[in-house]
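Comments concern the structure below.
The values are calculated or read from the model by the stated rules, or taken from the named source; none is laboratory data. In this text, all values refer to a predicted model and were calculated from it rather than measured experimentally. Glycine also receives a Cβ, built like all others from the backbone with ideal geometry; neighbour counts cover every protein chain displayed. Just so you know, the surface numbers come from the protein's heavy atoms only, side chains and all, with ligands and any DNA or RNA stripped out. Shrake-Rupley method; radii C 1.70, N 1.55, O 1.52, S 1.80 Å.
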Amino acid sequence: MRSRYSAHVILAIDYLWDTWSPEQRLRSSKADILQWAQSCDWLGLQILSTSKGLAADQEGTVEFIALFRQAGQLQQHHEHSLFRKNLGKWLYVDHQD
């Protein structure tokens, strides 16, 4: 999660795309990701909790809050994210309710 947050900050769109699951790639595009990431002034990331996600695991979750300013308004994105390992690489699958 930290690497994906950092990728948003430095606009490493290829990295974000490559760490998305195939299901997520169907819902967006690199251009959409770039447009959204550029519209934000990234202010910080707080990892609230993690579950699994170690080297021997195939799934893991991260609860986080990303702080940012967009159009002059302070915003926060609070999410429980599901990650799944595919061919040894962690991919963002989706958020959990």
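Results, tabulated for the structure shown:
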| quantity | calculated |
| --- | --- |
| Leading residue by the ranking (surrounded by the fewest Cβ atoms within 10 Å (Cβ to Cβ)) among those in segment 80-97 that are out of contact with any His (no Cβ under 8 Å at 6 or more places or on another chain) and of a type outside the set (A, V, I, L, M, F, W, C) | Gly88 |
| Selection within segment 34-50 - surrounded by fewer than 16 Cβ atoms within 10 Å (Cβ to Cβ) and of a type in the set (Gly, Ala, Ser) | Ser39, Gly44, Ser49 |
| Subset of segment 27-55 (residues that are more than 20 Å from Glu79 (Cα to Cα) and out of contact with any Leu (no Cβ under 9 Å at 6 or more places or on another chain)) | Ser29, Ala31, Gln35, Ala55 |
| Complete set of residues in segment 23-42 that are assigned to a helix (DSSP H, G or I), without any contact (Cβ under 8 Å) to a residue 40 or more places away in the chain and not aromatic (Phe, Trp, Tyr) | Arg25, Lys30, Ala31, Asp32, Ile33, Leu34, Gln35, Ala37, Gln38 |
| From Ala71, Ala31, Ala56, Ala12, residue being modelled with pLDDT of 95 or more, over 11 Å from the mean Cα position of the chain (by Cα) and open to solvent by 80 Å² or more (accessible area, probe 1.4 Å) | Ala71 |
| In segment 1-17, residue farthest from Asp41 (Cα to Cα) [restricted to those that are touching a residue at least 60 places away in the same chain (Cβ under 8 Å) and part of a helix (DSSP H, G or I)] | Arg4 |
| Considering residues of segment 59-68 that are β-branched (Val, Ile, Thr) and touching a Phe, Trp or Tyr at 6+ places or on another chain (Cβ under 8 Å) only, the residue least open to solvent (accessible area, probe 1.4 Å) | Val62 |
